[in-house]
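One structure is given here, and the rest of the page talks about it.
Read the figures in this text as sums done on the coordinates, not as results from a lab. Quick caveat: nothing in here was measured; it's all calculated off a predicted structure. No Cβ is skipped: glycine too gets one built from the backbone with ideal geometry, and neighbour counts run over all protein chains shown.
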Amino acid sequence: MNIVSGMRPTGRLHLGHYLGVLKNWVELQKGNSGYFFVADWHALSTSYEDKLHLKNLSIGLAKDWLSAGIDPEKATIFVQSSVKAHAELFVILNMITPLGWLERNPTYKDQIEQLQKDVNSGGFLTYPVLQTADILLYDADAVPIGEDQKPHLEISREIVRRFHHLFGEDIFHEPKALLSETPKLLGLDGRKMSKSYGNSIYLTDSTDEVWQKLRTAKTDTNRVRKTDKGNPEVCLVFDYHKEFSKPETVSEIDAECRAGTIGCVQCKKSCLSSMESVLSPMRERREKFSDSAVLEILEAGNHKANQIATAKMEKVNRVVFERVEV
Ligand code: TRP
Ligand code: SF4
């Protein structure tokens, strides 16, 4: 299967990104052709006036992927803006996409409300069209995404059908969404883990930084003494255990918390060690990738992506421009 997915370079990745999307990518790169790209043009749709340094952000993002286990020998990783065919296909798809489809997009409406700044540009409205171009160039069969991206993929599928209908030749794959099973990981304050809430554990955090964050995290507030019986269901640390600890550990913690035989500090230490079993191999891998090594990997990926995308555009241009009436 061809697997295509992208992320916007907006800053360091946290454990929520890892569980929600990245872990899925690492699994999917095995036995499939994975194309994972830095969606830097997409990043401009909401932050064009910020003082971003997109090049550094892109290298940082790719480094997060590599440290999480994306293997450049298996998957192709590249930068969207280095493959101009994405823009070319975007232009053509824009011509055939009815405005109504974009205006009705629930993610679009939500974001306008949430972002609380004026993002109402053409690029913002047509975000899903560019995303469709990203996907179609590589004949994606499946697109691993988070729940919030589902409406975008539905638009992609509609665009494919419309293109085929209008131009009379089926040259694209209709992509399917691959949703990850993990529900949204909560941040240290109980809200969704998000950079803007300052409640995140980052893939780049040191052991000590992770511990400081866990140490101060709220637990079951009814537990004052270690011997008080607790309720793990209302405790964030227990949620983390469920994501990162072995099932035996989770049931032990569950029982001991309810019985009042484990203290929260000890429970948090055990949680730290489970998180570290994911984070510490990431730190080791990260060591191996200097910025220049990451750039080289991206350049090789850009080259490969360009070849595939250019070949696809030849087909698209033939169908669009050399169409013969029958
Ligand atoms: N919209 C995605 C996000 O916000 C990023 C993205 C851009 C993407 N193009 C894509 C995801 C193509 C999957 C496929 O995270
Ligand atoms: Fe939460 Fe663990 Fe304390 Fe129970 S023992 S309240 S699960 S931190």
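Each of Leu102, Leu203, Leu166 was scored by other Cβ atoms within 10 Å of its Cβ. Listed from fewest to most, they are Leu166, Leu102, Leu203. Shown here for the range 55-116: GluC sites (Glu not before Pro) in loop regions (DSSP other than H, G, I, E, B) with at most 13 other Cβ atoms within 10 Å, namely Glu73.
Here the contact order of the range 205-285, divided by its residue count and restricted to Cα pairs under 8 Å and six or more residues apart, works out to 33 percent.
Which order results if Glu276, Glu322, Glu296 are arranged by neighbouring Cβ count within 10 Å, fewest first?
In increasing order of surrounding Cβ atoms, one gets Glu322, Glu296, Glu276.
Apply 1/(1 + (r/R0)^6) to the Cβ-Cβ distance of Glu233 and Asp71, taking R0 = 30 Å, and write down the FRET efficiency to the nearest 0.05.
Computed FRET efficiency for Glu233 and Asp71 comes out at 0.20.
Ranked by the mean number of other Cβ atoms within 10 Å of their residues, highest first, the peptides 7-14, 192-199 fall in the order 7-14, 192-199. What shape does the range 1-149 have by the C-alpha gyration tensor, where a ≥ b ≥ c are the square roots of the eigenvalues, rounded means a/c under 1.5, and otherwise prolate means a/b greater than b/c and oblate the rest? Note, shape of the range 1-149 comes out prolate. Relative to the current alpha-carbon distance between Glu154 and Thr221, full extension at 0.36 nm per residue lengthens the span by 19.8 nm.
Couplings for the range 92-107, taken from phi via the Karplus curve 6.51 cos²θ - 1.76 cosθ + 1.60 with θ = phi - 60°, read 5, 5, 4, 5, 10, 9, x, 3, x, 4, 6, 5, 7, 4, x, 5 Hz in order; Gly and Pro are left as x.
Calculated on C-alpha atoms, the gyration radius of the range 1-89 divided by its Kirkwood radius gives an Rg/Rh of 0.96. Only alpha carbons enter this Debye calculation for the range 211-326, each as an equal point scatterer, and the log10 of I(q)/I(0) it gives at q = 0.13 Å⁻¹ is -0.65.
Phi angles across the range 277-290 convert, under the Karplus curve 6.51 cos²θ - 1.76 cosθ + 1.60 with θ = phi - 60°, into 3J(HN,Hα) values of 5, 8, 6, 5, x, 5, 4, 5, 5, 4, 3, 7, 10, 6 Hz, Gly and Pro given as x.
Remark: the Ser277-Thr261 segment gains 3.3 nm on full extension, using 0.36 nm per residue and subtracting the alpha carbon distance. For the range 112-194, the square roots a ≥ b ≥ c of the C-alpha gyration tensor eigenvalues yield an a/c of 1.5 or more together with a/b not exceeding b/c, which makes the shape oblate. The orientation-averaged projected area of the convex hull spanned by the Cα atoms of the range 157-249 comes to 10.3 nm².
Take every DSSP beta bridge with both residues inside the chain and express the antiparallel ones as a percent of the total, to the nearest 5. In the chain, DSSP labels about 10 percent of beta bridges as antiparallel. Calculated translational diffusion coefficient of the range 63-142 (10 °C, 1.306 mPa s; Stokes-Einstein with Kirkwood radius over alpha-carbon pairs) equals 108 µm²/s. Note on Glu314, Glu158: ascending count of other Cβ atoms within 10 Å places them as Glu314, Glu158, the fewest first.
Over the chain, the reciprocal of the mean inverse Cα-Cα separation, the Kirkwood hydrodynamic radius, stands at 21.6 Å.
Stretched out fully, how many nm does the piece from Ser270 to Lys117 gain, at 0.36 nm a residue minus the Cα gap?
50.9 nm
Distant-in-sequence amide contacts of Phe37, defined by a placed amide H-H separation under 5 Å and a gap of 5 or more residues or a different chain, comprise Ser5, Gly6, Met7, Phe78. Cα axis of helix 291-321 to longest principal axis of the chain: angle in degrees, 0 to 90, nearest 10? Helix 291-321 and the main axis of the chain meet at about 40 degrees. Given Pro175, Ala217, Ile135, which one lies farthest toward the positive end of the charge dipole of the range 94-225, if we put +1 on the Cβ of every Lys and Arg and -1 on the Cβ of every Asp and Glu? Value: Ala217. Its DSSP H runs of at least 4 residues, each contributing -39,500 (n - 2.57), put the calculated 222 nm mean residue ellipticity of the chain at -16500 deg cm²/dmol, to the nearest 500.
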